[in-house]
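Just below is one structure, and these are the notes that go with it.
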Amino acid sequence: MARGEFAARKLEKDHKKWKKKQTGYKKKMEKKGMGKKSSLMGGAPQAKGIVLDKRGVTARQPNSGIRKCVRVQLIKNGRQLTALAPKDKAIQFIDEHDEVTVEGLGGRKHGAKGDLWGVKFKVIAVNNQSLEMLRTGRKEKVKR
């Protein structure tokens, strides 16, 4: 195998290829919760859920403030998660028992972003209406 000056890409590719063949690799990854089935949304990029309640999450040091979040129960598997209502006055358009669409917040390695502990998701739509459109006044909220 090449070990020359420009062989790094090939070495990395080969390492990734053969790593999965090692004994216990699959079991180790499942234990760490790296599989699609272990993620809250089952490997999907977005999911729908029902709002259980609204809550404020305090920001981590050195920042201060209360970030507006909602507790959501996913329809597909019944699991609960906390999702951020992004930007100003977005929380006013979300009520309890509304159907919301959530997606990942965009933190490093699918983790929390910035100063929020454990908040990994954000709300992008309420009752099939874009939250951004509701917030800017281009659409009105539909009653269900």
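Here's the yes/no breakdown for (1) closer than 24 Å to Ala44 by Cα; (2) in the same structural domain as Val57 (by TED's automatic domain parsing); (3) not β-branched (Val, Ile, Thr):
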position: Pro86; (1), (2), (3): yes, yes, yes
position: Ile91; (1), (2), (3): no, yes, no
position: Asp95; (1), (2), (3): no, yes, yes
position: Val102; (1), (2), (3): yes, yes, no
position: Gly107; (1), (2), (3): yes, yes, yes
position: Gln129; (1), (2), (3): yes, yes, yes
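Scan (1) at pLDDT 95 or above; (2) not assigned by TED's automatic domain parsing to the domain that holds Asp53 for the single condition Ile75 breaks and write down its number.
The single condition Ile75 does not satisfy is (2).
If I ask for residues that are of a type in the set (Lys, Arg) and modelled with pLDDT under 80, which ones from region 1-38 would you list?
Arg3, Lys26, Lys27, Lys28, Lys31, Lys32, Lys36, Lys37
On the given criteria, is Lys10 surrounded by 13 or more Cβ atoms within 10 Å (Cβ to Cβ) and of a type in the set (D, E, K, R)?
In short, yes.
Ala90 - would you say it is hydrophobic (A, V, I, L, M, F, W, C), at pLDDT 90 or above and farther than 14 Å from Phe121 by Cα? Spell out the reasoning first.
Numbers: hydrophobic (A, V, I, L, M, F, W, C): yes; at pLDDT 90 or above: yes; farther than 14 Å from Phe121 by Cα: yes.
So Ala90 passes the test.
Using beta carbons and a limit of 7 Å, which pairs, at least six apart or on different chains, have the first residue in region 120-133 and buried (at least 18 other Cβ atoms within 10 Å of the Cβ) and the second one assigned to a helix (DSSP H, G or I)?
Pairs found: Lys120/His110; Val123/Leu131; Ala125/Leu131; Val126/Phe93; Val126/Leu134; Leu131/Ala90; Leu131/Phe93.
The values are calculated or read from the model by the stated rules, or taken from the named source; none is laboratory data. Everything numeric in this text was worked out from a predicted model, so none of it was measured. Because the Cβ atoms are built from the backbone with ideal geometry, glycine has one as well, and the counts that use them run over all protein chains shown.
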